[in-house]
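Trainee: Please find one structure pasted underneath; my questions will follow.
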Amino acid sequence: MPEQRALATLGDAEDGPSPASLALALIAVTLPTLIAYNLPPSATFFNQAAAFIGWGAWVLLLASSPGVTLAGPWRGGLGALLVAFALLALSAAVAPLWAALPWTLALSSVGTILAAMLVVIAGAAVMRAGQAQPAFEALCIALLAAGVIGALIGLVQVFAPQWTDGAVIAGVGNGRAAGNLRQPNHLSSLLLWSLVALLWLVEQRRLGGRVALALGVLLMSGIVLSASRTGMIGVLMLGLWGLADARLSRRARAGLIAAPVLFALLWVGLAAWAHHSHHLFGGDAQLGKGDISSSRFAIWSNTLTLIAAQPWLGVGWGDFNFAWTLTPFPDRPVAFFDHTHNLVLQFAVELGLPLAALVLVLLGFALWRAYRAGVDETDAAQGVTLRAAFIMVLLMALHSQLEYPLWYAHFLLPTAFAFGLCLGGVREGGAAAPRRPDGSRGLALGGALLALGGLAALADYARVVVIFAPPANAAPLPERIAEGQRSWLFGHHADYAEVTTPGLLIDPVKAFARAPHYLLDARLMMAWANALAAAGMTDEPSYLAARLAEFHNAQADAFFAPCDEPPKEGDAPLFQCEAPKRALSYRDFR
C-alpha cells in the first residue's frame, strides 16, 4: 500500500511522473522563464517569485511521497554543499552588522540561499527514496517545454521583432534572441539545459528520433540566434560529453558529438542569410567587438585590486558594487557593474580569501562527488540520470565563470535540485539510506514555507510598485514612498525614489543608508553628492563626483558642465569641480 501511494504521488520509472508532479514541475521550471510582463523597479521579480512559489509547491508534493525522508547520511558531498550554502547564508546575515548592508538586501539573500538548501535536500531525498526517475523526467519535460517555447520566442525576436510587445514577448532590438529572460546568455543556458533534457528523454525512450532531431535543431538555432559566447562554450561541452561518455547509446553520443558541427553550420547559414537579406544578426556584432570580453577583463582586473586591498575579510556580502564604484579606477568599465561576472572572484572580493577558499573547496568537493555518483552508478537508467543532472550543474558552473545566473531563482533552484539528485545518489559508507514508510514532514513544511514566502514577497513588492507605476487615484508620492520604505525586502527601492526625486525633504544620513548598497548609478551618485554638499561636507561630495566622472556617463554631463566654464569672481568653487583634500575610501561612506 505505501508503494502504491508513492506511485500515485510521483509516478514510477516506467509510467513517468504523475500529472500532479508534472504540472507543478511546469509551474516551477517552465513558467518563470516565460513571464515577459513585469512592473518596476525590477525587470525579473515576477519570474523569480514564480520560481519560489512553484518550487515550494513541488517540494511539498515530493515530500508527501512514502520513502522520502530527511534521514542521512549527511556527510560527504551533500554535507559539503550544505555547509557551503550555510556559510554563504551566515555571511549575508551578518553583513548588516559590520559592512552596513541593508537588512532588506540581507534578508533577500538569506531567504534565497535557504531556498536553494531546501531544494538540494529535496533532490537528495527523492534520489534516496528511489523516485529520481519520475522526478527527473518531470524536470526534463519542463525544461524541454521552456526551451522550445523560449527558442520560438527568440525566432520572433530576431525575424519578426515588430511582433514583440513587452508584455507577452519581451522586446530586444539588437538582433539577438533573448527569450522572455531578457538576456541572450540566459536564453542560451536554458536551451543548453533543454538539450540535455532532450537527450535524457530520448535515452529513456520517451521521444522518437525524428521528433528529437527536429527539436534539437530548433533548440540549437535558438542558441545560435542568442549569439552567446557562453552558449558556444556550452555546446562544445556537450560535444566533449558525447566523446567521453561511452555508456550513452550510440545515437545519443552521435547527437552530442554532432552538436558543435550543427552549431557552426547554423551560424554560417544565418550569417549568410543576414548579409544577403540585409537583416541584423547579433552574432556578427558579437564577433566584431573590439573587446571580446565585453568589459569582463577590466572588471576582473578592478576586482583583483579590491581583493588585494581587502584580502582577509573582503568588502562584505552584497557590497561589491558599492566598494567598486567608490574606489578610484580611472580606467574602469563605464557600465555600472553590480557583479564581478565570475563566481570565484565574487566570493573572494566579498567574503575575503580565507572564507572564499573554504566555500570553493566545499563546492569543488561536492561537484567531484556529484561526478563520481554518475560514473560509479551500475544501474544503466539511473546512471544516465545522474550524469545528465551533473552536466546541468556543470553547465551552470561554467556560466557562473562569465556571468551570475545563480543570482536568479529560475536558474538557482533547478541547479540545486539537479545537484541534490547527484549527491543523493552517492552511497556514503557503502550503504544506501534507510527507507521509511512516511513522507518527510520537515521537507513538506519547508516547501510550504517557500511557497508562502514567494507569495509574501509578491505582496511586499506591491508596496514599492505603486511608487514607480502608480495606479489611478494613487496616494501622493511622499505617502507612497513612506509606505514603500516599510517594505521588508524592497525598502531600498523606496529610498532610491526619495533621494532622486527633486523637491522631497530628506535626511541625508538616513535617506542614503540603504539605496547606495543596491546599485550606485549616475542619478544616485549625483543626488548623494548634492545632499552631502548641502549638509556642509566638502571632501565627501567631491570624492563622489570624482568617482562619477570616471564613468563618463551622459546623465552627468549637465552636472559637470559648470566645470568647463571659467569661474566667476567671488563665487565659491563647485564641489564637483574640486578634488577632495584628504584621502577617502568606500568605507568612509558606510
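Trainee: Every residue in segment 196-217 that is over 14 Å from Gly255 (Cβ atoms) and either crowded, with 20+ Cβ neighbours inside 10 Å or touching a residue at least 12 places away in the same chain (Cβ under 8 Å) (or both), please. Even if it seems obvious, please write down each step before you answer.
Mentor: Let us first name the residues in segment 196-217 that are over 14 Å from Gly255 (Cβ atoms), namely 204-206.
Matches in segment 196-217: Gln204, Arg206.
Trainee: Looking at Trp241, Trp200, which is the one that is in contact with a Cys (Cβ under 7 Å, 6 or more places away or on another chain) and either modelled with pLDDT under 95 or assigned by TED's automatic domain parsing to the domain that holds Gly179 (or both)?
Mentor: Exactly one of Trp241, Trp200 is in contact with a Cys (Cβ under 7 Å, 6 or more places away or on another chain) and either modelled with pLDDT under 95 or assigned by TED's automatic domain parsing to the domain that holds Gly179 (or both), namely Trp200.
Trainee: So, one more: Looking at segment 447-457, can you tell me whether even one residue there is over 24 Å from Asn302 (Cβ atoms) and modelled with pLDDT under 95? Reasoning before the result, please.
Mentor: Of the residues in segment 447-457, the ones over 24 Å from Asn302 (Cβ atoms) are 447-457.
Next, only the ones that are modelled with pLDDT under 95 stay: none.
No, every residue in segment 447-457 fails to be over 24 Å from Asn302 (Cβ atoms) and modelled with pLDDT under 95.
Trainee: Something else about it: In segment 289-379, which helices (runs of 4 or more DSSP H) lie fully inside it and hold 3 or more residues that are surrounded by fewer than 17 Cβ atoms within 10 Å (Cβ to Cβ) and at negative phi? Outline the logic, then answer.
Mentor: Numbers: elements: 296-309, 320-325, 343-351, 353-376.
Filter on segment 289-379 gives 296-309, 353-376.
Trainee: Here is a list: Leu489, Leu520. Which entry is closer than 16 Å to Asp338 by Cα, outside the structural domain of Leu548 (by TED's automatic domain parsing), in contact (Cβ under 8 Å) with a residue 40 or more places away in the chain and part of a loop (DSSP other than H, G, I, E, B)?
Mentor: Details: Leu489 fails: closer than 16 Å to Asp338 by Cα.
Of Leu489, Leu520, the one residue that is closer than 16 Å to Asp338 by Cα, outside the structural domain of Leu548 (by TED's automatic domain parsing), in contact (Cβ under 8 Å) with a residue 40 or more places away in the chain and part of a loop (DSSP other than H, G, I, E, B) is Leu520.
Trainee: Among the candidates Lys568, Lys581, single out the residue that is at pLDDT 90 or above and farther than 23 Å from Asp521 by Cβ.
Mentor: Numbers: Lys568 fails: at pLDDT 90 or above.
When all the criteria are applied, what remains is Lys581.
Table: residues versus (1) closer than 13 Å to Ala151 by Cβ; (2) modelled with pLDDT under 95; (3) in the same structural domain as Leu144 (by TED's automatic domain parsing).
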residue	(1), (2), (3)
Arg210	no, yes, yes
Gly216	yes, no, yes
Leu219	yes, no, yes
Ile223	yes, no, yes
Arg229	no, yes, yes
Leu236	no, no, yes
Leu248	no, no, yes
Ala272	no, yes, yes
His275	no, yes, yes
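Trainee: Of all residues in segment 458-475, how many are of a type outside the set (Gly, Ala, Ser) and at pLDDT below 95? First the steps, then the outcome.
Mentor: First pass over segment 458-475, keeping only residues of a type outside the set (Gly, Ala, Ser): 458, 460-461, 463-468, 470-471, 473.
Next cut, at pLDDT below 95 only: 471, 473.
Total satisfying the criteria: 2.
Trainee: Being of a type in the set (S, T, N, Q) and surrounded by 22 or more Cβ atoms within 10 Å (Cβ to Cβ) is the filter here, so list the residues in segment 156-184 that pass it.
Mentor: Just the residues of segment 156-184 that are of a type in the set (S, T, N, Q), to begin with: 157, 162, 164, 174, 180, 183.
The answer is Gln157, Asn180.
Trainee: Moving on. Of all residues in segment 56-115 being in a helix (DSSP H, G or I) and β-branched (Val, Ile, Thr), which is nearest to Val315 (Cα to Cα)?
Mentor: Quick first cut of segment 56-115, residues in a helix (DSSP H, G or I) only: 56-63, 76-98, 103-115.
This time we only want the ones that are β-branched (Val, Ile, Thr), so: 59, 83, 94, 104, 110, 112-113.
On the way: Val59: 35, Val83: 22, Val94: 13, Thr104: 18, Val110: 18, Thr112: 21, Ile113: 20 Å.
Going through the qualifying residues, I end up with Val94.
Trainee: Yes or no: segment 142-151 includes at least one residue that is touching a strand residue (DSSP E or B) at 6+ places or on another chain (Cβ under 9 Å) and either outside any helix (DSSP H, G or I) or at negative phi (or both).
Mentor: The first filter runs over segment 142-151 and keeps only residues touching a strand residue (DSSP E or B) at 6+ places or on another chain (Cβ under 9 Å), leaving none.
No, segment 142-151 has no match at all.
Trainee: To continue, here is another question. Quick check: is even one residue across segment 498-513 among the hydrophobic types (A, V, I, L, M, F, W, C), farther than 26 Å from Ala456 by Cα and not in a loop (DSSP other than H, G, I, E, B)?
Mentor: Looking for residues that are among the hydrophobic types (A, V, I, L, M, F, W, C), farther than 26 Å from Ala456 by Cα and not in a loop (DSSP other than H, G, I, E, B), one finds at least one in segment 498-513, hence yes.
The values are calculated or read from the model by the stated rules, or taken from the named source; none is laboratory data. Fair warning: this is a prediction, and the values are worked out from it, not measured in the lab. So basically every Cβ, Gly included, is an ideal-geometry build from the backbone, and we count neighbours across all protein chains shown.
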